[in-house]
Each structure stands twice: as structure tokens, then as C-alpha cells.
Amino acid sequence: MAQALCILHANCQGDALRPLLENSPAFARYFHIRQYHNYARPQMAEADLEQCALFLHQYLAPRWGTLSTEQMLTRLPSGCSHVEIPNLFFKGYWPFWTSAQQGINFTDSLLESLLAKGLPPADVLRLYLHAAPSLLGNVAAIAEASLRQEEAKEAGKAIGCAHILRERWQTEQLFITVNHPCKELVCHVADSLLRHLGLGPLPDGLRRAYTHPQEDFWLPIHPALGPMLGLPFATVQRRYRIFEANLTHSEYISCYLACRQHGVNDLLTLLRHLPQGQGVPRLCA
């Protein structure tokens, strides 16, 4: 039986979901995937749209124009099924992450506010790492707002992860970065999707063997959030996999400040070229 075309229209979370679907025998029996990264704003080939039998997509607002969900659904053939998959995001572990300021990867609003005071990087590092609760602010409220946002996004949808996040975010780390859900959530999306299509469940062997393609970079969590939010995995001693290095939170922040000190915005490139092993020198000490 010839496989029908499935278009996967999603952000980087589609990269994590795709291998689970392609390696699920029930899904692979019926479909082959053509992936479009929505953030790159690619124009979808008309031939693909005409042949599409299953359209898996994350919601895109009207401001996306022809790539918006509203317009894309009108371009699908009459017999095409379409399923919205979650676009997962969580600030609970990283309350200082911001997209409002541009200039460096994974901008940290608290670090930037301290730098804006004209303090030397070494003083910024000391204040940031040993920050009093009054400096950190109401981090619990930020986590709660992020949880509610995910719940609102998934209201009435066939597939969602907000209930898992609500129940377990404090006992196990469920996100790798603010927009990269961990293996548990990606597998849940795949399992839910397969069941929704009548092809589930996700095979246990596939779940166990799955290697998350984005686990080469874990965004470190401020250890002060451990006791403040009840996160047993947020400790001073923990080392995070960051490409070929294993860094503590303080070492990662040193790298961030080194970039800012020298006017370098591409933090990820610096991190990719750190030596292998257990940590790096304090670059801003």
C-alpha cells in the first residue's frame, strides 16, 4: 500500500516529534512526512498541498498571513485530515528569560537589568548568583502565569500536555529550554496523536529507545529556584549538558557575561566551542 503524504508544519518541536511518528509502524504504514519549519516562513509547494492526506500543524495567528492556520486550512484538499499539535512553552524554570530584549541568545532580563546599572561583570555575577528573594521577584507567579497560558492554549483541543505540566513540573524537569519540551512530553504528544488517529499507542520499545534530538543543550536553572519553587533538580552542584561541555549554572552565566562584556551576541557559538570535560574556568571572575 502506497503511503499518503503527511505535512508537518511546526517549529523546532516538530524535529523532536517526527522520528517518533516515522518509527511508529502503525503511522509509517499509512504516511510519509514532509516537514516545513513554520518559523522560517516557507511557502508550501502547491503539489504538496494537493496531495496532502494529513496536515499536522501548530496554530499560527492571522498575522502570519498565508501561513496562518486560518488560511492554510482553506488550501487543503477536501479529503485531508488536519490535527493541531501543541506549541509548548514554559517559563517556570527560567522566569528571567525574555524575548523583549534582543542582542544575545536566551536573554536574561535580570542579568540585563544589573548590567544596565553599569556594574562590572564580576559584581553582576556575584549579585545574580547570590540574589536575595527580593531581587528575584515573584518567581512563583511567573510559573503560574505560564502554566495558565498553556492551559488556555490547549482548552478544547484534542491533544495537550498542560495537565502533565501542572501535575509534575516541580518533581521532574519537563522542559530542556523554554520552548523545547523534554522526552516525556514529546512522547506524550506522539502517543496522543497516534491514538487520535486510531493508530496508537506509541510502542513501548520506541519510547524507550527514543533519543531526543535537542538534549545536547540544557538551559541551566538558577539554583535559588530550587528552594523557592520546590525543584529538587535545581542545585548549585548540578552540571548541565551544553554541547560538548558540562557546566554548572554559574559557569554558564560566566559565559553569558563574557559575551556581553565583549559585545558578542552569539552565545551559542561560544558554548559550542567550549572544551569537553567537567566545566570551564570562570570567564568573568
One residue is enough: does the stretch 190-203 have a residue meeting the conditions modelled with pLDDT of 95 or more and within 17 Å of N11 (Cβ to Cβ)?
yes
Name every residue in the stretch 86-100 that is closer than 22 Å to K157 by Cα and not polar (S, T, N, Q), in order of residue number.
P86, L88, F89, F90, K91
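Check A53, A45, A10 and return the single one that is small (G, A, S) and at pLDDT below 95. Steps first, answer last, please.
Details: A53 fails: at pLDDT below 95; A10 fails: at pLDDT below 95.
On inspection, the qualifying residue turns out to be A45.
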Spot the failing condition for R208; the list is (1) within 30 Å of A122 (Cβ to Cβ); (2) part of a helix (DSSP H, G or I); (3) of a type in the set (K, R), and only one is missed.
(1)
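For every residue, the table says whether it meets (1) surrounded by 12 or more Cβ atoms within 10 Å (Cβ to Cβ); (2) assigned to a helix (DSSP H, G or I); (3) on the phi > 0 side of the Ramachandran plot.
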{"position": "Q43", "(1), (2), (3)": "no, no, no"}
{"position": "A47", "(1), (2), (3)": "no, yes, no"}
{"position": "W64", "(1), (2), (3)": "yes, yes, no"}
{"position": "P77", "(1), (2), (3)": "no, no, no"}
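The values are calculated or read from the model by the stated rules, or taken from the named source; none is laboratory data. For clarity, every value in this text was computed on a predicted model and none was experimentally measured. With ideal geometry, Cβ positions are generated from the backbone for all residues, glycine too; neighbour counts draw on all protein chains shown.
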